[in-house]
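Below: the structure, in structure tokens.
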């Protein structure tokens, strides 16, 4: 036979093909008779033989790899990523070809590692960020590494690290929307001068990015009576200061006396403060040695409450002293409210540690 390729090798013409002293060409049946593995046209068995005697082995078989690429024949490079480095081979049932490395080691779920884990030809696809997990954060996969895409509400990633996620939480007042403007300042209470050595009122907080905290505190003066020899003082004083936290010394406060309707504070101490003192000394009232006979009277002029002083001199011709009995000549209970804005100085770099956002604000009547 003319075709001596593949399984046709060694095929010989049967005698019946000799007609009128001439040989006819071999027929498919002649090749099949020579070797039952012969297949005319397209091969149907992937068996490592040239069954159709065309000079190629198993060339009619192909498959589509996991990366979507069609691989033809046997011995062709196949597989990508984790499945890379393979060569196409016949399947065990001899009905087709496959890529051995797509079975072993085979694909795995895609993770964020800069590799093609699922052998589809793409790196870190198919929700690879789901393999990332950081506290209080939504993760992303960037350049083969887990990264923080966004922080949960009221959490901040100040140190830039992925491992601890968004590590810094705003204080509870920010979360509740309290004390975010001058008009919504959180009340620290009223400080009176009636208790000597009273404890300071304290507020702990954090100045997270874009934040400022507002507080208000009032100081009330109560009348302190005395005698001619030792007149009582009508006075009070307040001290406001930052005590704990503020590790990089960038948290400061300002003190104001009022807010305008548009949330722009009015008269204030426009400085970057860590402490503030405000002292007021009003009149020096006293009690008449003979209150039954002449009633209670007081002094409007500093130093006027001296033994032997007269009511007119004491009251500086005030109308309160024009008739008997002489009345207490003071301003009554006096109070003042202070508004405090706590903020991070714009001249400082952004905080890179949650400790840099923390502060402790204190206020006390110090008179």
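In this entry, residue 191 passes the filter for residues that are at pLDDT below 95 and buried (at least 18 other Cβ atoms within 10 Å of the Cβ). Please specify each residue of region 347-366 satisfying the condition of being under 19 Å from residue 205 (Cα atoms) and modelled with pLDDT under 90. 364, the sole residue that qualifies. Within the option set 52, 120, being over 60 Å from the mean Cα position of the chain (by Cα) and touching a residue at least 24 places away in the same chain (Cβ under 8 Å) holds for one residue only, 52.
All of 109, 130 fail the test of being assigned to a helix (DSSP H, G or I) and more than 30 Å from residue 49 (Cβ to Cβ), apart from 130. Within region 132-178, being closer than 20 Å to residue 356 by Cα, surrounded by 14 or more Cβ atoms within 10 Å (Cβ to Cβ) and over 13 Å from the mean Cα position of the chain (by Cα) holds for 171, 173, 174. Within the set 245, 232, the sole residue that is buried (at least 16 other Cβ atoms within 10 Å of the Cβ), touching a helix residue (DSSP H, G or I) at 6+ places or on another chain (Cβ under 9 Å) and modelled with pLDDT under 90 turns out to be 245.
Tell me yes or no: at least one residue of region 83-99 is out of contact with any strand residue (DSSP E or B) (no Cβ under 7 Å at 6 or more places or on another chain), in a helix (DSSP H, G or I) and modelled with pLDDT of 95 or more. Taking every residue of region 83-99 in turn, at least one turns out to be out of contact with any strand residue (DSSP E or B) (no Cβ under 7 Å at 6 or more places or on another chain), in a helix (DSSP H, G or I) and modelled with pLDDT of 95 or more.
Scanning region 73-82 for residues that are part of a loop (DSSP other than H, G, I, E, B) and within 22 Å of residue 126 (Cβ to Cβ) turns up 79, 80.
Pairing residues of region 235-257 that are on the phi > 0 side of the Ramachandran plot with residues that are assigned to a strand (DSSP E or B) and surrounded by fewer than 18 Cβ atoms within 10 Å (Cβ to Cβ), at Cβ distances under 6 Å and at least 6 apart in sequence or on separate chains, gives 245/360. Taking the criterion of being in a loop (DSSP other than H, G, I, E, B) and surrounded by fewer than 16 Cβ atoms within 10 Å (Cβ to Cβ), the residues of region 60-72 that qualify are 68, 69. When you check residue 42 against the structure, is it without any contact (Cβ under 8 Å) to a residue 24 or more places away in the chain and within 30 Å of residue 125 (Cα to Cα), yes or no? Spelling it out, it is not the case that residue 42 is without any contact (Cβ under 8 Å) to a residue 24 or more places away in the chain and within 30 Å of residue 125 (Cα to Cα).
Count of region 56-103 residues, restricted to those that are touching a helix residue (DSSP H, G or I) at 6+ places or on another chain (Cβ under 7 Å) and more than 26 Å from residue 114 (Cβ to Cβ), is 1.
Where residues in region 194-209 are in a loop (DSSP other than H, G, I, E, B) and at pLDDT 95 or above, which of them is surrounded by the most Cβ atoms within 10 Å (Cβ to Cβ)?
Initially, region 194-209 is screened for residues in a loop (DSSP other than H, G, I, E, B), giving 194-200, 207-209.
Checking which are at pLDDT 95 or above leaves us with 207-209.
Numbers: 207: 25, 208: 20, 209: 12.
Per the criteria, the residue is 207.
The values are calculated or read from the model by the stated rules, or taken from the named source; none is laboratory data. These numbers were taken from a predicted model, which means no experiment stands behind them. In this analysis, Cβ positions are derived from the backbone assuming ideal geometry, glycine residues included, and neighbour counts consider all displayed protein chains.
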